[in-house]
Each structure stands twice: as C-alpha cells, then as structure tokens.
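Since the structure comes first, as structure tokens, the remarks are kept for the end.
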C-alpha cells in the first residue's frame, strides 16, 4: 500500500523549489518546470523516492536499529521533536556537535556525565554541596540537556541519518559518509542529491512540507516496529508450543509390569508343585 499521495504532497507545498539562479544542476532530473523564476519539483519523482526511502527505513526499524533525525532549522524543530519522539528515535534540533559520529566516544562521556548528575540528585549527594557548586552543576546539567538530551538513549552509532537541508547540515552528512552510515534527506533544488544515499526531492524550508515528508518516514518506522513486535511474539509462541509438544510426547513411567511379575512367578512354580504331587501318589 502506497504511503505517499501526490495530492497530499501538492497540498503541503512540497513542489516549491528555490530561485532559478540558486539551483544545483545535479537536481535537473527532479525539476518539472520553471515558473516566475522559481523551480517546480516533479512530485511524481518525489513520490517514487519517498517510497524507496520509507521502505528502507522500515527494514532498519524492523531490525531494531536506531535512525537519527537531524535538522537545526527552526521550522523543522517542532515536527521533528514530535514525530521522532512518537517512534522513540533520537533527534538533533539545537546544534550539531562536531564529531558527534566520528568522535562518538567523547559524546557518550558527556551523556554519562548528565546521568551522573541525575544520580547525585537522587541519592542526596547534590545537597551536600555548597550553594555555588549546586548552581554550577545545575547550569552544566541544563547545557548538557540542551545539547544531548534528545540522544541520551543512543548507546551506539545510529544505523542511518535522516537530514533536512543537507547544505545546512553538511557536517553531519560528511561524518556519516566517512563512517559509511546510510543517509536519507529532503533535497531542495539548491542541493546536490549525490551527497546522500536516499534523496527525497522536495521543499526543505516550509513547515508543512517538512512535516508531511517526516510523517511519511515515521509511519514506515511504525510499521517496521510493529512487524518486529509481531515476529517476536510469534517466535515466543512457537517456542512455547514446541516445549508443550515435547512434554506431551515424552514417555511416561509405568508401574504395571511390576505387578504382572507375580503371576509369572506362580506359573514358573506350577511344574514344581505337580512334580511333588506325583511323588506323593507313588508313595
């Protein structure tokens, strides 16, 4: 079943590109026409590319891996936080910390620092500090939360990145390419689609356009997570059924043969009794 509708994309303004003078020639296969000096994106190709990207994202989610959503644009912040949060995926909306992927060990240390502050507050150690120290720790915790709060559950490198505006997030794209991490992105007419693995031609500036494309991706992720849960439940049920069948087919110990031993013993002693009786008659 198609997740992407041409009419929905049209209604969300996904087809609006940038001014002609700002275009990237590598986007020419995805441009339908030019009107009033503005390029119009071919939504038929957007539908195809969005379906390809959604199918790939579904498989990643089904495998139980994480997809990191990235955009520091103001118009994308609300949609990204809401939609990515619904599927429990990490996201970056404030600032891309340099080396977040290529120097992930250091980023994990910062996240662990945030956890240690929370632990201090929970066990009462925080209250033993002076007022000035508590204020400094609170400020440090707030800064860490702002920069890394949305990726605190990311214990290992993400399996893929979904990026909005690859020109603005060029550092994230470069780091992902260096580590061979698959990249998905909304690519406008001023961007180079060759920089990412799964380009989705579309308007990366309008809030409605961003929300529409991100929602298509998160719906695919939901499908993948649902199938993963169903497969896990099915495998557990099959395992239980197998254990029950093994238990039912196991041989049960019988005590009846022990009781039948007595008649056999009597039959064995019968000839002896007859021999004694014949000897008595002869006497």
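Just to be sure, is residue 81 part of a helix (DSSP H, G or I), in the same structural domain as residue 224 (by TED's automatic domain parsing) and in contact with a strand residue (DSSP E or B) (Cβ under 8 Å, 6 or more places away or on another chain)?
When the stated conditions are applied, residue 81 passes them.
Has the stretch 118-129 got at least one residue that is in a loop (DSSP other than H, G, I, E, B) and in the same structural domain as residue 76 (by TED's automatic domain parsing)?
no
How many residues are in contact with a helix residue (DSSP H, G or I) (Cβ under 9 Å, 6 or more places away or on another chain) and either farther than 15 Å from residue 200 by Cβ or in a helix (DSSP H, G or I) (or both) if we restrict to the stretch 3-23?
Summing the residues that are in contact with a helix residue (DSSP H, G or I) (Cβ under 9 Å, 6 or more places away or on another chain) and either farther than 15 Å from residue 200 by Cβ or in a helix (DSSP H, G or I) (or both) in the stretch 3-23 gives 5.
Within the stretch 162-190, can you find the residues that are in contact (Cβ under 8 Å) with a residue 60 or more places away in the chain and in contact with a helix residue (DSSP H, G or I) (Cβ under 7 Å, 6 or more places away or on another chain)?
Within the stretch 162-190, 162, 163, 164, 184, 187, 189, 190 qualify.
Please go through the stretch 79-101 and give me each residue that is surrounded by 15 or more Cβ atoms within 10 Å (Cβ to Cβ) and farther than 15 Å from residue 149 by Cβ, ordered by number.
79, 83, 87, 101
Test of understanding: among 149, 98, which residue is part of a helix (DSSP H, G or I) and closer than 30 Å to residue 206 by Cα?
Unique residue meeting the criteria: 149.
Would you be able to tell me the number of residues in the stretch 194-213 that are buried (at least 22 other Cβ atoms within 10 Å of the Cβ) and assigned to a helix (DSSP H, G or I)?
Of the residues in the stretch 194-213, 4 are buried (at least 22 other Cβ atoms within 10 Å of the Cβ) and assigned to a helix (DSSP H, G or I).
Is it the case that residue 17 is modelled with pLDDT under 95 and either under 30 Å from residue 152 (Cα atoms) or crowded, with 16+ Cβ neighbours inside 10 Å (or both)?
When the stated conditions are applied, residue 17 passes them.
Consider residue 28 against the criteria (1) in contact with a strand residue (DSSP E or B) (Cβ under 9 Å, 6 or more places away or on another chain); (2) under 16 Å from residue 193 (Cβ atoms): it satisfies all of them except one. Which criterion is unmet?
(1)
I'm trying to understand the selection: among the residues of the stretch 24-64, which are assigned to a loop (DSSP other than H, G, I, E, B) and surrounded by 15 or more Cβ atoms within 10 Å (Cβ to Cβ)?
Once the filter is applied, which keeps residues that are assigned to a loop (DSSP other than H, G, I, E, B) and surrounded by 15 or more Cβ atoms within 10 Å (Cβ to Cβ), the stretch 24-64 yields 24, 42.
What is the number of the single condition among (1) farther than 26 Å from residue 173 by Cβ; (2) in contact (Cβ under 8 Å) with a residue 60 or more places away in the chain that residue 127 does not meet?
Failing condition for residue 127: (2).
Please state which one of 147, 138 is crowded, with 16+ Cβ neighbours inside 10 Å, out of contact with any helix residue (DSSP H, G or I) (no Cβ under 7 Å at 6 or more places or on another chain) and outside the structural domain of residue 178 (by TED's automatic domain parsing).
Only one candidate qualifies: 147.
Go through (1) outside the structural domain of residue 173 (by TED's automatic domain parsing); (2) on the phi > 0 side of the Ramachandran plot for residue 13 and report which single condition fails.
(1)
The values are calculated or read from the model by the stated rules, or taken from the named source; none is laboratory data. All figures in this text were calculated on a predicted structure; none of them were measured in a lab. Don't worry about glycine lacking a Cβ; one is built from the backbone with ideal geometry, like all the others, and counts go over all protein chains shown.
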